[in-house]
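Where a number appears in this text, it was derived from the coordinates with a stated rule and is not lab data. These figures come from a predicted structure and were not determined experimentally. Positions of Cβ are generated from backbone atoms using ideal geometry, with glycine treated the same way; all protein chains shown enter the neighbour counts.
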Amino acid sequence: MELYGKKVRLRAIEAEDLELLRAMKNDPYIEHNIVGWFPPVSKQQQQQWYESQKLNNDTIRFMIETKEDGTVGYTKIANIDWKNRTASGGIMICNKENMSKGIATDTYMTLLKYAFFELNLNRINGAIIDYNKASQRFAVEKVGYTIEGVKRQAIYKDGAYHDLIMIGMLKEDYIKKIEETGYWDH
Ligand SMILES: CC(C)(COP(=O)(O)OP(=O)(O)OC[C@H]1O[C@@H](n2cnc3c(N)ncnc32)[C@H](O)[C@@H]1OP(=O)(O)O)[C@@H](O)C(=O)NCCC(=O)NCCS
């Protein structure tokens, strides 16, 4: 099913989205800020990835849309462990003009609601490179993830080692957050 937040609609990836996804994976700003890394992705590789992902039951992927700006990014619940009820989240917003409008915050509030109350997961993991202040602001300060530790010098980018901030959100944390903020009340 599609997911609806207060600003966003989270929908399935269509073949027409592949070029945007490829552009995001090839974008140096995004590469700098995400934990993982990609060699340059060709059109053919992007198509092969799309085909291979159709059979993957451990990751659920969405394109992010808003009424004002159309398709503005991509998000996922990945590495679902159906026994321990855990997974990890991921997000990329395309184009700097779409950033700092609260899209990632609403996307994660929506994604977490689905993870906890439809998939019946209990914990969502995350990791943020120490210099990624936008991610720390949206995930920790706005959505309410807890910082649980630091992996020292775990990430090598741009000629230096960087610490990786490990974060987590429990179902009980999320319930507390929505009760305190009334996020879904209005
Ligand atoms: C990180 C990212 C997903 C955030 O998306 P977004 O839609 O801009 O996030 P939001 O608008 O919900 O929240 C971002 C907050 O960080 C703030 N922010 C942005 N840049 C910042 C900076 N350099 N320092 C401190 N805060 C910053 C914004 O002002 C906003 O806070 P506010 O609402 O109080 O003003 C987006 O910047 C992105 O796609 N970055 C590249 C890929 C990436 O980093 N993915 C996540 C990897 S963990």
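So how many residues does region 87-112 have that are more than 13 Å from the ligand (Cβ to nearest atom) and in contact with a helix residue (DSSP H, G or I) (Cβ under 6 Å, 6 or more places away or on another chain)?
Of the residues in that region, 1 qualify.
Can you confirm whether region 65-86 contains a residue that is near the ligand (Cβ under 9 Å from one of its atoms) and either without any contact (Cβ under 8 Å) to a residue 24 or more places away in the chain or acidic (Asp, Glu) (or both)?
no
Of the residues 127, 104, only one is within 15 Å of residue 64 (Cα to Cα) and of a type in the set (Gly, Ala, Ser); which?
The conditions single out 104.
Quick check, is residue 115 closer than 23 Å to residue 63 by Cβ, more than 10 Å from the ligand (Cβ to nearest atom) and surrounded by 12 or more Cβ atoms within 10 Å (Cβ to Cβ)?
Judged against the criteria, residue 115 is a match.
Answer yes or no: is there a residue in region 159-178 that is free of Cβ contacts under 8 Å to residues at least 40 places away in the same chain and near the ligand (Cβ under 8 Å from one of its atoms).
Checking region 159-178: not a single residue is free of Cβ contacts under 8 Å to residues at least 40 places away in the same chain and near the ligand (Cβ under 8 Å from one of its atoms).
Here is a list of conditions, (1) more than 16 Å from the ligand (Cβ to nearest atom); (2) within 14 Å of the chain's Cα centre (by Cα); (3) within 20 Å of residue 35 (Cα to Cα), and residue 123 meets all of them except one; can you say which number that is?
With respect to (1) more than 16 Å from the ligand (Cβ to nearest atom); (2) within 14 Å of the chain's Cα centre (by Cα); (3) within 20 Å of residue 35 (Cα to Cα), residue 123 is out only on (2).
Can you say whether residue 134 is in contact with a Gly (Cβ under 9 Å, 6 or more places away or on another chain) and within 9 Å of the ligand (Cβ to nearest atom), as far as the supplied structure shows? Break it down into steps so the answer makes sense when it comes.
Values: in contact with a Gly (Cβ under 9 Å, 6 or more places away or on another chain): no; within 9 Å of the ligand (Cβ to nearest atom): yes.
Criteria not met by residue 134.
Can you name the condition, by its number, that residue 168 falls short on among (1) surrounded by 17 or more Cβ atoms within 10 Å (Cβ to Cβ); (2) part of a helix (DSSP H, G or I)?
Condition (2) is where residue 168 drops out.
For region 29-140, which fully contained strands (runs of 3 or more DSSP E) count at least 2 residues that are over 13 Å from residue 10 (Cα atoms)?
So the answer is 70-81, 86-93, 123-129.
Could you tell me how many of the residues in region 5-36 are loosely packed, with under 12 Cβ neighbours inside 10 Å, away from the ligand (no atom under 12 Å from the Cβ) and within 17 Å of the chain's Cα centre (by Cα)?
1
Within the set of pairs 6+ apart or on separate chains, which have a first residue in region 7-26 that is touching a residue at least 40 places away in the same chain (Cβ under 8 Å), a second that is of a type in the set (Lys, Arg) and not in a loop (DSSP other than H, G, I, E, B), and C-beta atoms under 9 Å apart?
12/61; 13/61
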